[in-house]
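Please treat every number below as a calculation from the coordinates, not as lab data. Note that the structure is predicted; figures quoted are calculated from it, not measured. Using ideal geometry, Cβ is built from the backbone for each residue, glycine included, and neighbour counts are taken over all protein chains shown.
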Amino acid sequence: MINSIKKDILSSIIVFLIALPLAIGISIACGLPIYSGIAAGIIGGIVVGMFSGNSLQVSGPAAGLILIIVDILQHHGADKLFLIIFLVGILQIIFGLLAFGKWFRAISPAIIQGMLAGIGISIFLSQFHIMLDSSPQNNFIENIKDLFSVIYNSVLPFDGSIHHQACMIGLLTISIILLWNVLPYKKLKVIPSSLVGIIVASITANIFNLQISYIDVSSNFWSGINFIKVSEFMHIFDFNVVLNAIVITFIASAETLLTSAAIDKMCDRSKTDYDKEIIAQGIGNSLSGLIGGLPITGVIVRSAANINADAQTRLSAILHGVWLLLFVTAFPTVLNYIPLSALAAILVYTGYKLVDITAAKYIFNLSKGEFAIYIITLVSILFTNLFEGILIGFGCAFIKSAYKVLKVNIDTENIDSENKVIANLHGNITFLQLPTLIDALEKLPKDKNIALNIERLHFIDHACIDYIKSWETERKIAMKDYNIFIDWEKMSKSYPTFKWHNFHDGRG
C-alpha cells in the first residue's frame, strides 16, 4: 500500500511537470488567459480523476481543440464559449447515463488521424508565427503565404531584433526537447523534455535580458476567474451554441475514449468503463465552463507519461491536479519569467507530433479508400475549418461504406470433373446492383451445369429475387441437358426481403 502511494506521488509530479507548460501554451494558442488552461488542468486532474472510468487516464486541456476554440472566440466571444463548454459537460453526462459511451468510439480511424493531422499542421503554422514573434493569420492559405516572409525577417538580416531573439529562444526550446528525447540515460528521461526546454529557454532569455514577450500573470492568479454570467444561460438553446456544443462533445468524447482504448492496450492494470468515463468528463467540462476554463479531454501524452512512471491508482491523476492548484496559488509570478516564444515552440513540436506518419502509412497499406478519406479530411480541415472538415470526412466515409454495403461480388469456379460452374454471390444485392447481377448471370456458360452459391450473401431484395427466378426458368428451358441448382430453401421465408447469415449449419 505504502509502495503504491509512493509510486503514485512520483508519477503525479512527472505528469504535473508535463501538464503545466502544455496548459499554459494551449491557453495562449486559443487566445485566452493562461488561467483558462490551468483551471481546466486542475479540474481535469482532481474532479475528473476522482470519477474517471479509467483510473490511469489523465485529463486536461487538449491541443486538438485549439482550432474550434479559436473559431468560437472569433465569431461568438468568450462568454458564449464558456457557455458552450458548460453545455458540452451536460451533454456528456446525459450521453453517459444513456450508455452512449461506446458510440463515440464508432469512428473511422482514417477520420480521426486526418483530423489530428489537419489540427497538427494548423497548430504548427500558427504557433510558428508566434514563435518568431509574429501574428498568425486567420486561415491556412494566409499562414502559408505569410510564412516565408516571417521566416526571412526572423533570419535575414540578423540584426538582433525582437524577431531574431524570439526565433533563437524558440529554436533553442525545440533543440533541447529533441536532444533530451534521444539521451541514452533513462533516469534523466523521467524529467519531461518540454519542461527542460522551458527551463533552459527561460534562464537564457532572462540572463541575456532579451526584450521579447513573456507570460504576464498577476500575484493573485485567481483574480482571473471568470464565472459564466447568469444572463448568458438565456442563450443555452441558441442554434449556434447547441451546434458548437455538439461538435465539441463529439470531438472531445472521441479523443477521450480513443485515449482510453490506447491506455487499455498499454497497461494490464487499465480497464475502461466508457460510460463512466464520459460522465466524469461531463462533470469536469460543466465545472470548467462555469469558471471560465477550457474544454477537458483525456490526453494521451500525459496519460502515457503516467503509465510509464508506474502509476498504480487514480491518486496520481488527482495529485497532479493538486500540484497545479498549489503551484499557481503559491508561486504564480514564477510564470512571468517564461518567454511566449518558448511556449509556442512546444506547441510547434506538439503540432508536428500530431501528424502521425506511421499511422498514415498503416492506413495507406490497409486500404487505399481509407487513406483517401484520411487525405480528404486533412485537406478539408486546412481549407475550411475543423467542423466542416470533419463533416466532409464523415460524408466521404458514409459514401464509401454505402458503396461497400451495396456492392455485390460474383465470382465463378470451375469443377471440370462434374462439368460444373459454381457462381458465388457475396455481399448485399438490391435493385441498384440488378444490372451487374444480370450481366454476371448472362455470361455464365450455357454448356455446363450451373450452381448458384448464396452462402456468402447477406441480403437480397424483391427485384433481384424475381430476376433470379425468371433467369432460372429461362435457363432450364433453354438448357435441358444441363442442371441448374439454386437452394431456395436456404433463403428466408419472409418474402420479398430475404436475409441470411450462415448456411453451413443449415440455419436460414
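Is segment 193-242 best put as rounded, prolate or oblate by its Cα gyration tensor, with a ≥ b ≥ c the root eigenvalues, rounded for a/c under 1.5, and otherwise prolate when a/b is larger than b/c, oblate when not? Prolate, since a/c reaches 1.5 and a/b exceeds b/c. Adding -39500 (n - 2.57) for every DSSP H run of four residues or longer, then dividing by how many residues the chain holds, sets the calculated 222 nm ellipticity at -20000 deg cm²/dmol. When each of Phe128, Phe398 is scored by the number of other beta-carbon atoms lying within 10 Å, the sequence from fewest to most is Phe398, Phe128.
Computed about its Cα centre, the charge dipole of the chain is approximately 920 debye, with only Lys, Arg, Asp and Glu carrying charge at their Cβ.
Database remark: amide H of Ala62 closer than 5 angstrom to the amide H of Thr297 (H placed geometrically; neighbours at sequence offset of 5 or more, or on other chains; Pro and chain starts carry no H).
Between the helical axis of 34-43 and the longest alpha-carbon principal axis of the chain there is an angle of about 60 degrees.
Say R0 is 22 Å: what FRET efficiency, to the nearest 0.05, do Asp264 and Tyr185 get from their beta-carbon distance? So, using R0 = 22 Å, E works out to roughly 0.15. Sort segment 94-204 into rounded, prolate or oblate with this rule: let a ≥ b ≥ c be the square roots of the eigenvalues of the Cα gyration tensor; rounded if a/c is under 1.5, and if a/c is not under 1.5, prolate when a/b is larger than b/c, oblate otherwise. The shape class here is oblate. For segment 192-291, applying the loop criterion from DSSP together with a ceiling of 14 other beta carbons within 10 Å to the chymotrypsin sites (Phe, Trp or Tyr not before Pro) yields Phe208, Phe227, Phe237.
Taking the Cα centre of segment 122-275 as origin, work out the dipole magnitude from +1 charges on Lys and Arg Cβ and -1 charges on Asp and Glu Cβ, in debye rounded to 20. Dipole about the Cα centre, nearest 20: 640 debye.
Computed from backbone phi with θ = phi - 60° and the Karplus coefficients 6.51, -1.76 and 1.60, the 3J(HN,Hα) list for segment 469-480 is 5, 5, 5, 4, 5, 5, 5, 5, 6, 7, 10, 5 Hz; x is used for glycine and proline.
If a/c stays under 1.5 just call it rounded; otherwise compare a/b with b/c (prolate if a/b is bigger, oblate if not). Do that for segment 1-101, with a ≥ b ≥ c from the square roots of the Cα gyration tensor eigenvalues. Oblate, since a/c reaches 1.5 and b/c is not below a/b. Taking the Cα centre of segment 344-479 as reference, the dipole from Cβ charges on Lys and Arg (+1) and Asp and Glu (-1) amounts to some 280 debye. When you filter the trypsin sites (Lys or Arg not before Pro) in segment 213-319 for DSSP loop state and at most 12 other Cβ atoms inside 10 Å of their Cβ, you are left with Lys229.
Seen against the Cα atoms of the chain and their longest principal axis, helix 239-266 is set at about 80 degrees. Residue by residue, segment 358-375 carries 3J(HN,Hα) couplings of 4, 5, 5, 5, 4, 4, 4, 6, 6, 6, 5, x, 5, 5, 4, 5, 4, 5 Hz when phi is fed to the Karplus relation 6.51 cos²θ - 1.76 cosθ + 1.60 (θ = phi - 60°); x denotes Gly or Pro. Taking other Cβ atoms within 10 Å as a rough exposure proxy, Val190, Val150 sort from fewest to most as Val190, Val150. For the pair Glu474 and Ile225 in one chain, pulling the backbone fully straight at 0.36 nm per residue adds 81.5 nm over the alpha carbon distance.
As a ratio to 2.2 N^0.38 Å, the alpha-carbon radius of gyration for segment 263-380 is 1.37. When Ser213, Ser135, Ser55 are arranged by Cβ crowding within 10 Å, least crowded first, meaning fewest neighbours, the order is Ser135, Ser213, Ser55.
Restricting to DSSP loop positions (anything but H, G, I, E, B) with no more than 10 other Cβ atoms inside 10 Å of their own Cβ, which trypsin sites (Lys or Arg not before Pro) remain in segment 63-124? Here no loop site has a sparse enough neighbourhood.
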